[in-house]
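Read-outs throughout are calculated quantities, based only on the coordinates presented, and are distinct from any laboratory measurement. What you are looking at is a predicted structure, and each value in this text was computed from that prediction instead of being measured. Note that each Cβ is placed from the backbone with ideal geometry, even for glycine, and that neighbours are counted across all protein chains shown.
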Amino acid sequence: MEWAQRTWTEFSADLDAAHATALLPVGATEQHGPQLGTGMDTVIADRLCRAVAGKTGALMLPTMPYGCSLGHSRRWPGTISLQPITLITLIKEIGDWAYFSGIRRLLIVNGHVTNAAPLRCALEMLRAEHDDLMVALVNTAQLSDRVRAAHCADGADWHANRAETALMLAVAPEIVRKDALATADDPDRTEGLVFSHPVNRTSKNGVTGSPSLATEAEGAELFSWMVEDLSHLVAKAQHEVAPLPHSWFGGEG
């Protein structure tokens, strides 16, 4: 059910099978320490949505490989960041055209923490313009209590940490530099701070956490949790209706 592989003649049947539901994976291209490729956030959003689309029949839109990564600064090469307003506009326009194709349930699946604010803005704009379009924002690292706990185990302000490294060891080992793992650890320095500081002021190498402890086995288990938990959410979403039928075009208040 990959959107980019379908023809226009197939969409009517696809929409029926998917209950007019689509997943929009959004990642980022940014430094992930010395041990992970810059596409980590895009890889996890893409692989997760592919697996969940396969289980639920939801349509999967092409994965967005760029996000709002301004906080990673220009200290380390490799980061390609969009401005927040650019990401808002891109997601809004993608959502508009998905709506014109018949999508009425859109789940934006976000693989990068600081995409959340722009994506929430796009959500607000989409549902304000299309009264019968239901939109959800799902952050991959916060799909459930168990997924959240795994990501935060080695730091509240984690990045390129044990969980992310384990996930890549399991699903995309080609982007992991195993020879860099032993010396990649860097602690979370943000506890108790008032301000939200950019990564160049909180990390020595772009990492926050303990990637040296990551294993392929724990990554496989974590990914299975993520697939299971998102699949459950999507299956529920495919049959959800608004609590009240009234639109803002009229009717009783």
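Data overview
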| read-out | value |
| --- | --- |
| Difference of contour (0.36 nm per residue) and Cα-Cα distance, Val194 to Arg104 | 28.4 nm |
| Expected 222 nm ellipticity per residue - DSSP helices of 4 or more, -39500 (n - 2.57), all of the chain, to 500 | -12000 deg cm²/dmol |
| Amide hydrogen neighbours beyond the local backbone of Gly67, cut-off 5 Å, H modeled | Thr29, Leu82 |
| Hz values of 3J(HN,Hα) by residue in the range 19-25 - Karplus curve (6.51, -1.76, 1.60), Gly and Pro given as x | 6, 6, 10, 9, 9, 10, x |
| Highest-MSF residue in the chain out of Thr190, Thr165, Thr29 [GNM, Cα springs under 10 Å] | Thr190 |
| For the range 134-146, 3J(HN,Hα) per residue [Karplus equation, 6.51 cos²θ - 1.76 cosθ + 1.60, θ = phi - 60°, Hz, x = Gly/Pro] | 9, 10, 10, 10, 10, 8, 4, 7, 10, 5, 7, 4, 6 |
| Point-to-point label distance, Arg75-Arg120, nm (Cα→Cβ direction, 7 Å offset) | 2.6 |
| P(r) weight above 30 Å for the chain, C-alpha pairs, percent | 29 |
| Candidates Thr38, Thr86, Thr56: whichever shows maximal mean-square fluctuation once the chain is modelled as a Gaussian network with Cα springs under 10 Å | Thr86 |
| Label-point separation, Ala13 to Gln238 (7 Å along Cα→Cβ), nm | 1.7 |
| GNM top mover of Ala170, Ala217, Ala22 - the chain, alpha-carbon springs below 10 Å | Ala217 |
| Exposed-site-free run, longest, the chain (rule: chymotrypsin sites (Phe, Trp or Tyr not before Pro); DSSP loop; at most 10 other C-beta within 10 Å) | 1-194 |
